[in-house]
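So the structure is just underneath, and the comments pick up after that.
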Amino acid sequence: MYKTFASLLSGAALLTAGLLLPSNALAQCQFTSLLNTPNTALTLPGSGSFGTVCVNLVDSNTATITFTANSGYLFGAEDALALNINNAGNVFTVPLVVATTFPGHNAPSLTLENPPGSQNADGLGTFNLDLKNDDGFGQAFQTATITVDLTTGTFASASSVLTGNSPQGIDAAAHIFVCGDAACTVAGGASVTGYAGETTSSTSVPEPTSVALLGGVVLFMTSRLRKRLA
């Protein structure tokens, strides 16, 4: 069984759109990895990455996964975000997706692209959770958090929420816009687009306060949603 709540994905899921948050303080992620494995359309910037994927457990059945693009990059377009959830039979739900509006861009609108296991991120393999954005660079975003609930089974830890696909061994990917100017303005556009996945991981990597607050909003709404659905 694979369920979504369309009203949340199209409406309340974007409740933080336009929110500007401080970035000087730091908060911890339980598990963080780098988007540092590009397809042939992109060139990795030295030893760096295009962004990060932060995983936190709410409880043994629920996790939040936050994508954050590094400076000079944004996410978006068709197949904007892809995840490979570690659950036999793909028995999970996606009750909430929260994305922030990047300054000067239109609000993102993330929706589920395909049923589990049917979507391929160009050159990076197939994933069982895929989110598309309705528009191109004009609707590009820097941060999004996806909440996943297991219908059966449990997550042993934050590091076990995602699992590598076969044969690439990549468990998360994003469609990357390389911004045409330093401020990532709509007028500047994107100079290059392509996909990048993550294979390098670590624990307890600091993330900006904006990500922490975004995650807090997601946890609060997930709790409220569970009460409404109980």
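So, in the stretch 13-30, how many residues would count as being on the phi < 0 side of the Ramachandran plot and either assigned to a loop (DSSP other than H, G, I, E, B) or modelled with pLDDT of 95 or more (or both)?
Residues flagged as on the phi < 0 side of the Ramachandran plot and either assigned to a loop (DSSP other than H, G, I, E, B) or modelled with pLDDT of 95 or more (or both) within the stretch 13-30 amount to 12.
Residues checked against (1) surrounded by fewer than 17 Cβ atoms within 10 Å (Cβ to Cβ); (2) within 14 Å of the chain's Cα centre (by Cα); (3) under 14 Å from Ile146 (Cβ atoms); (4) touching a residue at least 12 places away in the same chain (Cβ under 8 Å):
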{"site": "Ala63", "(1), (2), (3), (4)": "no, yes, yes, yes"}
{"site": "Thr68", "(1), (2), (3), (4)": "no, yes, yes, yes"}
{"site": "Leu81", "(1), (2), (3), (4)": "no, yes, yes, yes"}
{"site": "Asn90", "(1), (2), (3), (4)": "yes, no, no, yes"}
{"site": "Thr93", "(1), (2), (3), (4)": "no, no, yes, yes"}
{"site": "Ala99", "(1), (2), (3), (4)": "no, yes, yes, yes"}
{"site": "Pro108", "(1), (2), (3), (4)": "no, yes, yes, yes"}
{"site": "Thr111", "(1), (2), (3), (4)": "yes, yes, yes, yes"}
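Name the strands (runs of 3 or more DSSP E) wholly within the stretch 33-81 that hold at least 1 residues that are under 26 Å from Val91 (Cα atoms) and in contact with a Ser or Thr (Cβ under 9 Å, 6 or more places away or on another chain)?
Because the criterion is at least 1 residues that are under 26 Å from Val91 (Cα atoms) and in contact with a Ser or Thr (Cβ under 9 Å, 6 or more places away or on another chain), the strands (runs of 3 or more DSSP E) in the stretch 33-81 that meet it are 51-59, 62-69.
Could you check how many residues of the stretch 138-161 are of a type outside the set (S, T, N, Q) and in contact with a Gly (Cβ under 8 Å, 6 or more places away or on another chain)?
2
Identify, by number, the condition in (1) buried (at least 16 other Cβ atoms within 10 Å of the Cβ); (2) at pLDDT below 95; (3) farther than 26 Å from Thr62 by Cα; (4) not aliphatic (A, V, I, L, M) that Pro167 doesn't meet.
So Pro167 meets the others, but not (1).
The values are calculated or read from the model by the stated rules, or taken from the named source; none is laboratory data. Just so you know, these numbers come straight off a predicted model, no measurement behind them. Because the Cβ atoms are built from the backbone with ideal geometry, glycine has one as well, and the counts that use them run over all protein chains shown.
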